[in-house]
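Just below is one structure, and these are the notes that go with it.
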Amino acid sequence: MSKRILVWFRNDLRLHDNEMLVEAIAKSDEILPVFCFDPRQFELTCYQTIKTGAIRTRFLLETVQDLRHSFQQFGGDILILKGKPEELLPDLVNKYEISEVYHHREVASEETEVSMGVEDALWKLKVNLKHFIGHTLYNKEDLPFPVKDIPDVFAQFKKKTERDAIVKPCILTPQSINFVQLAEWGELPLLTDLVLNESLADLPISSEFKGGESEALKHLHHFLDDGEELALSNTTLKKNVIVSKLSAWLGLGCLSPREVYWKMREAEANFGLKPYFNQIVLGLLWRDYYRFMFKKYRNTFFKSEGFSTQTSNSDLADSDLLQAWKNGNTGQPLVDSIMHDLNASGYISNSCRQLAATYLIYELQINWIMGAAYFEEKLIDYAPASNWGNWANIAGVGNDTRLTNSFDFEKQLKIFDPKGTYLQALRA
Ligand SMILES: Cc1cc2nc3c(=O)[nH]c(=O)nc-3n(C[C@H](O)[C@H](O)[C@H](O)COP(=O)(O)OP(=O)(O)OC[C@H]3O[C@@H](n4cnc5c(N)ncnc54)[C@H](O)[C@@H]3O)c2cc1C
């Protein structure tokens, strides 16, 4: 009897640097890759927002389609299903005589509850759910401290991690794969099957962000080429204008953070231009930091009072002001322009996110939770730890006391647009 491993894909939709996939191939005779479109991911939240808006849903569909295409090139496919993993996966285990299920561990509560549900259901069938770690630059086992002792202050986390931990090399992409043979691999859902609470009329037909591992690697190479060009032209770099726009692909795991890291290090060795490449590595460290903080503190980041000892007194109700912020109708031209960009593309830079968030919290005096929930709906790169962690810090209820209370809208406006050029252009 051949050994079969079910590989449950979630936010790890790639073939490169994928330890889970490589180990499943090595330890089995046949693998069964599976992706579940879980209806809960597309529902309304208690804050009258949608968990996954149309822009990110389309990006997800493109990503799964790209992974399907990659597996087809290896002579197989990925089984695409609609439903709850904890109900679907045990049935597949029975039907295809699967001996083990592999997946990547998540950190936020809703995601971990789903894997716990899967683990319990598999346990009853005496089948093991094996957990892998593949979302971060540094594996938690390689950090110089246990999770409970990871410093809350980002600067300390950065200093000690860079000094005492190593970034592992990338795992090689598989060269051949044996698949469980299925007659039907399931249709990719239509956008209209998943987007039930939003009109698709305003969704732009094309986007600069197309989902999938192949697009992710293309985009990474463009960024590196741009770096090489800059290095050759001896251009002086302004630190805050360097943005890779890699976040959406990192979010769904189409791109491994280690792949990005090693490519940045290689490019830096070849072309110099340290500030350019280092800025991206710094971003990856922030990303790790928030994920580890989520692991350490779990649901605290989802609470209005966060780490503060005082209870929050602003309410979580919808209001005309909140709607104006969401729709870009506040009358503050820069904030309105940022919100229009967010609504149209799902992407805004880090400084724009900070400005929009600071304005909502400190100028409009609206509870930060309502802003974070709206970003969750709209961002093409939404990641629970990065979104809620950044919002909590801006709201002054985060766990890094050095970051809290340093957000002043007027000050930020001056840093973002010191000569008012951007504002003048908007008013013209
Ligand atoms: C209010 C708010 C909400 C945010 N929500 C998200 C989110 O849901 N998903 C998300 O990926 N990022 C989030 N960020 C972080 C950051 O704004 C984006 O990662 C970044 O703007 C993405 O653009 P980029 O790929 O060009 O980043 P780059 O500057 O090129 O950085 C490279 C990568 O590092 C990571 N990164 C950079 N800055 C941060 C940061 N401050 N926190 C965490 N990761 C970082 C991203 O993965 C990014 O792709 C949020 C920031 C704020 C202020």
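The values are calculated or read from the model by the stated rules, or taken from the named source; none is laboratory data. Keep in mind that what you see is a predicted model, and the values were worked out from it rather than measured. Virtual Cβ from ideal backbone geometry, glycine too; neighbours counted across all protein chains shown. Just the protein is used for accessible areas: all its heavy atoms, side chains included, with ligands, DNA and RNA removed. Shrake-Rupley method; radii C 1.70, N 1.55, O 1.52, S 1.80 Å.
With respect to Lys326, is the statement that it is within 16 Å of the ligand (Cβ to nearest atom), of a type outside the set (S, T, N, Q) and under 20 Å from the mean Cα position of the chain (by Cα) true?
No.
Met1: in contact (Cβ under 8 Å) with a residue 60 or more places away in the chain and open to solvent by 30 Å² or more (accessible area, probe 1.4 Å), yes or no?
yes
I need a count of the residues in segment 378-391 that are open to solvent by 20 Å² or more (accessible area, probe 1.4 Å) and either more than 7 Å from the ligand (Cβ to nearest atom) or touching a His at 6+ places or on another chain (Cβ under 7 Å) (or both).
2
Exactly one condition in (1) at pLDDT 95 or above; (2) under 25 Å from Phe37 (Cα atoms) is false for Ile133; which is it?
Only one criterion in (1) at pLDDT 95 or above; (2) under 25 Å from Phe37 (Cα atoms) is unmet by Ile133, namely (1).
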